[in-house]
Amino acid sequence: MKKLFTIFAISGSLILSACNTVEGAGKDVESAADCADGVEGNC
């Protein structure tokens with residue numbers, strides 16, 4: 001359980017450090033969701 005929490009904490013901090021603003025974080029999440037939906041040409 002500790003490992004899982006640590007992985008989430010580290011990945012969360014990396015994601016947040018990659019985005020300078022909340023708007024940037026929203027764009028990153030949206031682009032990842034577009035890529036994950038499986039429609040060709042969204043990535």
So what are the ³J(HN,Hα) numbers for the stretch 4-9, from phi and the Karplus equation (6.51, -1.76, 1.60; θ = phi - 60°), rounded to whole Hz, Gly and Pro as x?
4, 4, 5, 4, 5, 5
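Taking other Cβ within 10 Å of each residue's Cβ, how do 7, 15 sort, fewest first?
Fewest-to-most Cβ neighbours within 10 Å comes out as 7, 15.
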Distance in nm between label sites at residue 7 and residue 27, each 7 Å beyond Cα in the beta-carbon direction?
3.0 nm
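All of the numbers you see were taken from the coordinates with simple rules; none came from a lab. Keep in mind it's a predicted model, so treat the numbers as computed, not measured. Note: ideal-geometry Cβ built from the backbone for every residue, glycine included; neighbour counts use all protein chains shown.
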